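Each reported figure results from applying straightforward, stated rules to the coordinates on display, with no laboratory input. This is a predicted model, so every value here is computed, not measured. Every residue, glycine as well, gets a Cβ built from its backbone with ideal geometry; the counts of neighbours run over all protein chains shown.
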Amino acid sequence: MAKIYPSDLTDDEWKLLRPHLPSSKWRGRPRLHSPREILNAVFYVPKSGCQWRMLPREFPPWKTVFHYFRAWRLDGTWERINRAMRRVLRGKLCRYPEPSAGVVDS
């Protein structure tokens, strides 16, 4: 059984994020690690303050996790996830899903 960390996704969080992740490619090698495992490892890094190379062995190899982290940054996946979470949170606060103004303070 895999160790459970405080940074691991709950089932509800996974249901929210899953549709915003890129689907697996139909050509090439099949994935060895699920996107949920990858996300758990990515979220572990800032929560624990560890370096990529120091990820515990319960997670996929650090190079694999970093590869997905970087690829998702470049293809806009993190932006889509952030946008989806913002819409859900604003909906729970009875606000419009999209902010109408922004404030910049120096």
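For this structure, a couple of remarks:
- Computed FRET value (nearest 0.05) for Cys94 with Leu16, which takes r as the C-beta separation and R₀ as 25 Å: 0.85
- FRET E, pair Arg83, Arg31, Förster distance 25 Å, beta-carbon r, rounded to 0.05: 0.50
- For the chain, taking Cα atoms only, Rg and Dmax work out to 16.0, 49 Å respectively.
- Relative contact order %, the chain, counting alpha carbon pairs below 8 Å whose residues are six or more apart: 25
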